[in-house]
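Okay, so here's the structure we're looking at.
Each reported figure results from applying straightforward, stated rules to the coordinates on display, with no laboratory input. Just so we're clear, the structure is a prediction, and the values are computed from it rather than from any experiment. When we count neighbours, we look across all protein chains shown, and the Cβ atoms used for this are built from the backbone with ideal geometry, even at glycine.
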Amino acid sequence: MKAIVQTRYGDPQEVLAFREIDRPGLRDGEVLVRVRATSVHADVWHAVSGRPILVRLTAGLFEPTDLVPGTDLAGVVEATGKDVVRFKVGDAVFGASSTKMEWRNGGTFAEWAAVPAGGLEHKPEPLSFVQAAAVPTPGIIALTNLRGSAEVRPGQHVLINGAGGGVGSAALQVAKARGATVTAVDRAEKLELLRQLGADRVIDYLQEDFTRGSERYDLILDVASTLSLKDCKRVLAPRGIYVIIGHDHYGAAGHRMLGTLPHFFGLMARAPFDRHLPALNFSTPNRTQIMAELRALLEAGKLTPVVDRTYPLAEAGAAMGYLQQGGGLGRIILAV
């Protein structure tokens, strides 16, 4: 099969190669998918670049343990492993190649991928494979962060900073589906789309600093990770919550060795003593349940995938170069 292969860490445009390799084997509980589309996103960049260095603890200390990058996919089931009962040959599916959050190559930048059945869902009929491949990781991140004390409730006022990317656009639509009034913050060229996705108010961050405004928010979701808790406290409601996703802007922010983890650990240490931080929750979200919720939102028309542009699989390096520039509107997809 044709696939994108990585044998060392570094700039994606230098370390990725388009090659012919063997199809993956199929283990118990896995599904072999003929991949039709797969997405390019920040977690893939971390695994390919090996930055921050911490990711190499799971991806391979000196070189990638798994040679084929990619985590999200949409395609057609070609075979099923032992104990798989939810899917059959010929089913159109979408999902992620892992049932847990981790920085490592997941094998979806290829014509075929073997993935755990628990990370997949049936693709809603009207959705194209390109659209479906844009959903898994941003949807999973959005739903994982909008839970516990940060769960959105009807009537709340929610602000999303960085609403025009994959995670931000998903979070915007989830918040609207749950009955919130949503303010979306991003660049001017993205604001019209954010209105179309349901934002009640849009802000060009280059023209307006919302932390100096008079509005008060029950939840601020900092997808772009460019805000400070101190500034956000000025506009949070008395029991308002600040949640940061932790985007390090492709190595431009955060520690070279640890990325944004030191900042995260600092916020976690403060959480028990600061009412504006979400309560600590160490439970692992159920990936199968999250995928089922995403499918339900898609089928109800409450979640519209946003695709910035599509590249052929052979141009994965160029696609990741475009990703690294930032400013994309939604997801970048590789058509297989």
Notebook entry, point to check: Tell me, Leu16, Leu280, Leu297 in order of fewest to most beta-carbon neighbours within 10 Å?
Noted result: Leu280, Leu297, Leu16
Notebook entry, point to check: Hey, fewest Cβ within 10 Å first, where do Val158, Val235 land in order?
Noted result: Val235, Val158
Check: When all C-alpha to C-alpha distances in the range 207-293 are sorted into bins of 5 Å, what percent of pairs does each bin hold, rounded to whole numbers?
Finding: 3, 12, 19, 20, 19, 16, 9, 2, 0
Next item on the list: Please work out the FRET efficiency for the pair Phe18 and Gln207, using the Cβ-Cβ distance as r and a Förster radius of 45 Å; give the result to the nearest 0.05.
Entry: 0.60
Next item on the list: Count the net charge of all other residues whose Cβ sits under 12 Å from the Cβ of Lys190, scoring Lys and Arg as +1 and Asp and Glu as -1.
Entry: -3
Next item on the list: For the range 110-244, evaluate the Debye formula with one uniform point scatterer on each Cα (no solvent term) and list log10 I(q)/I(0) at q = 0.21 Å⁻¹, rounded to two decimals.
Entry: -1.25
Margin query: Can you order the peptides 177-190, 105-118 by their average number of other Cβ atoms within 10 Å per residue, highest first?
Written below: 105-118, 177-190
Next item on the list: Provide the descending list of Cα extents for the range 251-298 along its principal axes, expressed in whole angstroms.
Entry: 37, 30, 17
Next item on the list: Just rank Tyr322, Tyr9, Tyr242, fewest to most, by other beta-carbon atoms within 10 angstrom.
Entry: Tyr322, Tyr9, Tyr242
Check: How much of the DSSP beta bridge set in the chain is antiparallel, as a percent to the nearest 5?
Finding: 55 percent
Item checked: Label point distance in nm, Ala300-Ser228, each placed 7 Å from Cα along Cα→Cβ -> 3.9 nm
Notebook entry, point to check: So, counting K/R as plus one and D/E as minus one, what does the shell of residues with Cβ under 14 Å around Thr58 add up to?
Noted result: 0
Next item on the list: Mind telling me which of Glu121, Glu102, Glu30 comes out most flexible in a GNM of the chain, alpha-carbon contacts under 10 Å?
Entry: Glu102
Check: So if we plug the beta-carbon distance of Leu261 and Phe62 into 1/(1 + (r/R0)^6) with R0 = 22 Å, what FRET efficiency do we get, rounded to 0.05?
Finding: 0.55
Margin query: Full-extension gain between Arg187 and Arg216, please, as 0.36 nm times their residue separation minus the C-alpha to C-alpha distance.
Written below: 8.3 nm
Notebook entry, point to check: Lysine pairs in the chain 8 or more apart or on different chains: how many have alpha carbons under 30 angstrom apart?
Noted result: 22
Note to self: Give the separation of the Cα centroids, the range 37-108 to the range 176-203, in Å.
What the structure shows: 30 Å
Next item on the list: Express the relative contact order of the chain as a whole percentage, based on alpha carbon pairs under 8 Å and six or more residues apart in sequence.
Entry: 20 percent
Note to self: For the range 63-184, take every pair of Cα atoms, bin their distances at 5 Å starting from 0, and report each bin as a whole percent.
What the structure shows: 2, 11, 18, 19, 17, 14, 10, 6, 3, 0
Note to self: Can you compute log10 of I(q)/I(0) for the chain with the Debye formula, treating each Cα as one identical point scatterer, at q = 0.12 Å⁻¹?
What the structure shows: -0.82
Check: Taking a spot 7 Å from the Cα of Asp274 along the direction of its beta carbon, which residues of the range 228-251 have an amide N less than 20 Å from it?
Finding: 228-249
Checklist line | the range 139-273: relative contact order as a whole-number percent, Cα under 8 Å and 6+ apart | finding: 20 percent
Notebook entry, point to check: What nm distance separates the two modelled labels at Ala253 and Ser283, each placed 7 Å from Cα along Cα→Cβ?
Noted result: 3.0 nm
Next item on the list: Could you calculate the contour length gain from Glu125 to Lys100, that is, 0.36 nm times the residue separation minus the distance between their Cα atoms, to one decimal place in nm?
Entry: 6.4 nm
Next item on the list: Within the range 1-65, report the trypsin sites (Lys or Arg not before Pro) that DSSP leaves as loop and that have at most 12 other Cβ atoms within 10 Å.
Entry: Arg8, Arg27
